[in-house]
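The values are calculated or read from the model by the stated rules, or taken from the named source; none is laboratory data. Since the structure is predicted, the reported quantities are computational estimates derived from the model, not experimental observations. The protein model used for the area step is the full one, side chains on, heavy atoms only, and it has no ligands, DNA or RNA in it. Shrake-Rupley method; radii C 1.70, N 1.55, O 1.52, S 1.80 Å.
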Amino acid sequence: MDSISEQIIEALGIMLLGMGLVFVFLTVLILGIKLVAYKFAPQPIEHKAPAEKSDTASAQGVDPLMVAVITSAIHQYRAKA
């Protein structure tokens, strides 16, 4: 029968071997996933800048009709409370 110290040393060796194998496996797995994501990921679509409008509504910033709608909604909400 082996002594307790020899058994502990053997157990530590097996533990380190197992942890090393798990580390290598996870590293290979992560690299493989990144490679597949890089190779097969959809490419981003570049959008063209919209043409500038010279309307007076865009120069004001907020559409007057939208201001009226929001004001009406706020008035109805406050009347309810």
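Modelled with pLDDT under 95, of a type in the set (D, E) and either assigned to a helix (DSSP H, G or I) or open to solvent by 90 Å² or more (accessible area, probe 1.4 Å) (or both) - does that describe any residue in the range 9-29? Checked against the condition, which is being modelled with pLDDT under 95, of a type in the set (D, E) and either assigned to a helix (DSSP H, G or I) or open to solvent by 90 Å² or more (accessible area, probe 1.4 Å) (or both), the range 9-29 yields no hits at all. Can you find even one residue in the range 47-62 that is modelled with pLDDT of 85 or more and among the acidic types (D, E)? No: zero hits.
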